[in-house]
Each structure stands twice: as structure tokens, then as C-alpha cells.
Amino acid sequence: MGRALRVALLTLLPAAAQAAAPSLPLAAQVNAQIVQRQVNEGVAAMAGASGAGLMPGDLPAACEPGMRSAVAGMSNELVRFMQGTFNDPAYQRTFEQQLAQAYSPDQLQAFLDRSAAGDLTALSTEVMSAPGLQATQDAHLARLTEQADQAMEADPRLQKALVDVRAAQDRCDAVRMEAEES
């Protein structure tokens, strides 16, 4: 009986893998055009808000352009870093396999058809509603959050952008002090 079960499983496994195969290219498109796009837009909005929070309200006019430039550069680097980290190819392939198992090719194509004209946030929420997808993404984000400090410290472009912001802040502080002394 045990051997019969193993033989049955071995014959079913290739069929299950072949059934998911036609869905993989569509799942990759759904992931890129809906899920990743939604996440990447959210990251860009969050980084922009973070950058705006770094701009002091009482900037001397002489240092405002330099500070704006430094903050914009840091925001751009933060977006690049966060999107690059989230969009890890190994994770994306695993996620696409789950999408291919969660939805039929027709369902995936329907998501793609709706993505051109629909509300991306609502569509992404609908895609992510399949069992296990949100949990997979949440686990990926939790791992990234745990490793964020080390990864950020290891990214030379992001570190340079942070140094530039600190230098701009120091220049503004010096301009402020000069104005107060005069």
C-alpha cells in the first residue's frame, strides 16, 4: 500500500507542475504590472514623505537649494535601495509560483486586462487576497526590516547620500549661526 501511494504521488507531481507552467508567465506579468508596481509606488511615496520630513521649516535662503538637492538625492537613493531590496529576484520567482498556483491563467489574464484601466491599489488588494500571498509578502518584508540597518550601512550610495544631507544640514547651521552673530 505504501508503494502504491508513492507511485501515485510520483505520477501526479509532474502533472501538477505542468498545470502550473502555463500560468507562470502570466503570474510574472501580474506580479510586475500590479503587485510590484503597487509596492514600488508605495515605497516612492514613503521615501518622498521621509525626505520632506528632513527639510527644516526655518531654512536660511542661502542654504535652501543645497539642502533641497541633498534631500532629493537621499530620497532617490532610499527609493532605489528599498525597491532593489524588495524586488529580490529569488523572492519574486517564489512569489510568482504562488500566484500561478493561486489563480488560473484566465484569472491572471483578467487581472492584467484590468490593470490598464483600473485602480491599481484595489486590484493589487484583490490579487493579494488569495490564501497565503499576503502572508508571504509580509514575511519577506519582515525579513527585510530585520536586516535593513545592516543592508543600509553596506550600501555606499545610500551612505554617501546620508553624508550629503548631514553636510547640508551643517552648512545651514553655520549660516544660521553667522546670521545670529551679525
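The values are calculated or read from the model by the stated rules, or taken from the named source; none is laboratory data. Please read all numbers here as calculations on a predicted model, not as lab measurements. When we count neighbours, we look across all protein chains shown, and the Cβ atoms used for this are built from the backbone with ideal geometry, even at glycine. Only protein heavy atoms, including side chains, enter the accessible area calculation; ligands, DNA and RNA are left aside. Shrake-Rupley method; radii C 1.70, N 1.55, O 1.52, S 1.80 Å.
Checking each residue in the range 47-72 for being in a helix (DSSP H, G or I) and open to solvent by less than 30 Å² (accessible area, probe 1.4 Å) picks out 47, 51, 67, 70, 71. Restricting attention to the range 113-126, the residues that are under 13 Å from residue 29 (Cα atoms) and either in contact with a Pro (Cβ under 6 Å, 6 or more places away or on another chain) or loosely packed, with under 14 Cβ neighbours inside 10 Å (or both) add up to 2. Is it fair to say residue 80 is closer than 30 Å to residue 23 by Cα, part of a helix (DSSP H, G or I), open to solvent by 70 Å² or more (accessible area, probe 1.4 Å) and at pLDDT below 90? So residue 80 fits the description; yes. Taken over the range 83-100, the criterion of being within 13 Å of residue 23 (Cα to Cα), buried (at least 17 other Cβ atoms within 10 Å of the Cβ) and of a type in the set (S, T, N, Q) is satisfied by 98 alone. Among residues of the range 36-48 that are touching a residue at least 24 places away in the same chain (Cβ under 8 Å) and of a type in the set (Lys, Arg), those with a beta-carbon under 7 Å from a residue that is surrounded by 15 or more Cβ atoms within 10 Å (Cβ to Cβ) and in a helix (DSSP H, G or I) at least six positions away or on a different chain give the pairs 37/120. Just one of the listed residues (110, 151, 167) is open to solvent by less than 50 Å² (accessible area, probe 1.4 Å), assigned to a helix (DSSP H, G or I), free of Cβ contacts under 8 Å to residues at least 60 places away in the same chain and among the aliphatic types (A, V, I, L, M), and it is 110. Residue-level check: of (1) without any contact (Cβ under 8 Å) to a residue 60 or more places away in the chain; (2) under 22 Å from residue 157 (Cβ atoms); (3) among the polar types (S, T, N, Q), residue 136 misses just (2). Residues in the range 8-31 that are at pLDDT 55 or above, open to solvent by 50 Å² or more (accessible area, probe 1.4 Å) and part of a helix (DSSP H, G or I): 3 in all. Of all residues in the range 127-148, those satisfying the criterion of being surrounded by fewer than 13 Cβ atoms within 10 Å (Cβ to Cβ), over 18 Å from residue 83 (Cβ atoms) and among the small types (Gly, Ala, Ser) are 129, 132, 135, 139.
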